[in-house]
Amino acid sequence: MSGVCTQLVIPLCSPKQAKTPTSLALGSFDGLHAGHRKVIEVVVNDAPGIPSVVSFWPHPREILYSEPRLRLDLPSEKTSLLSPLGVKQLILVPFNLGLASVRAEDFFHEMLIQTLNARRIAVGANFRFGHNREGDVNTLRELGKTSGVEILVMPILKDKEGRMSSSRIRKALAEGNLKRAKSLMGRPYKLTGRVVQGRGLGSKIGWPTANLQVDGRKFLPCLGVYAAFAWINKTKEPLPAVINLGPQPTVDPCSPSAVEVHLLNQKKDLLGENLTIQPIKKLRDQKRFESMEDLSSQIGLDAEVALRHLRI
């Protein structure tokens, strides 16, 4: 994370470049589900400072345990999601081993008070911070009391299936259940990427595909073939598409996983374009076909089914 604000929908900033004083929602907020939005809401309403979201990047577990933590929303995606909620800036605190060793009290005073000049801080009831996660919401309340900072702790939001969590969203996506993921997030799941040069094998069988380069830190749904909508360079008009998530078992079984997009009833040169993809419905699992002709026939069937799901 550089020390310079990147002007997107709202600024994406390092702590030293943030505008102060602030009213802070502190947490990961991955997926921005209803529970997250409740925490954010209280720092926006009657805010005593600039409504801001503060998150760590990368995820602490990546640094501490070398554990990959794929994100439902990358920071660049999250800015456009936070703006309609009334948030004015997304502040990313660079997480490293040095920060991991900072005591909770020191982090509160040095980062939240001195650097960000926090006037109000809101967190979820399960929030932890500081060295070895020593600080909890009670620690935060005590520090806020002695510093004259308003601390708001929001209860964990639950529905009939349990507490709202990013893990439930990931589970739905891992099962290919886009409808469930949408219900939990309160919005459709999307991914973005840039079209890069492929091998052109799709064109040879009559189904040209765009090879989408997606940030490796993005959480993707389970492997398979999906009906989807696609937007080119953030245009307003969605285009019907079929996408393949995963390797190419018929063309090259040893190839790495990829995101391939075929626009239905469209002929466009997409090389170098940025695409936003919204998977709508998983059509089938991946499978290996006996011939390229069989693969081409199946893609034709996929296209017909996709158009019905997309109501085109």
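The values are calculated or read from the model by the stated rules, or taken from the named source; none is laboratory data. Since we're looking at a predicted model, the values are computed, not measured. Backbone-built Cβ (ideal geometry, glycine too); neighbour counts: all protein chains shown.
Tell me the residue from G124, G86 that is assigned by TED's automatic domain parsing to the domain that holds E150, at positive phi and in contact with a helix residue (DSSP H, G or I) (Cβ under 8 Å, 6 or more places away or on another chain), please. I'd like the intermediate steps shown before the answer.
Working: G124 fails: at positive phi.
None of the other options fit; the residue is G86.
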Report task. Consider N45 carefully, then state whether it is polar (S, T, N, Q), farther than 20 Å from D136 by Cα and either touching a strand residue (DSSP E or B) at 6+ places or on another chain (Cβ under 7 Å) or assigned by TED's automatic domain parsing to the domain that holds D215 (or both). Result -> no
Query - Residue list for the stretch 281-312, filter: under 20 Å from L220 (Cα atoms) and either in a loop (DSSP other than H, G, I, E, B) or in contact with a helix residue (DSSP H, G or I) (Cβ under 6 Å, 6 or more places away or on another chain) (or both) - result: K281, L283, D285, Q286, K287
Report summary line: Exception for D106 within (1) assigned to a helix (DSSP H, G or I); (2) surrounded by 16 or more Cβ atoms within 10 Å (Cβ to Cβ); (3) of a type in the set (D, E); (4) modelled with pLDDT of 95 or more falls at (2)
Query raised in the report: Considering K267, K282, K287, which residue is in contact with a strand residue (DSSP E or B) (Cβ under 7 Å, 6 or more places away or on another chain), over 15 Å from P238 (Cβ atoms) and in the same structural domain as N233 (by TED's automatic domain parsing)?
Result: K282
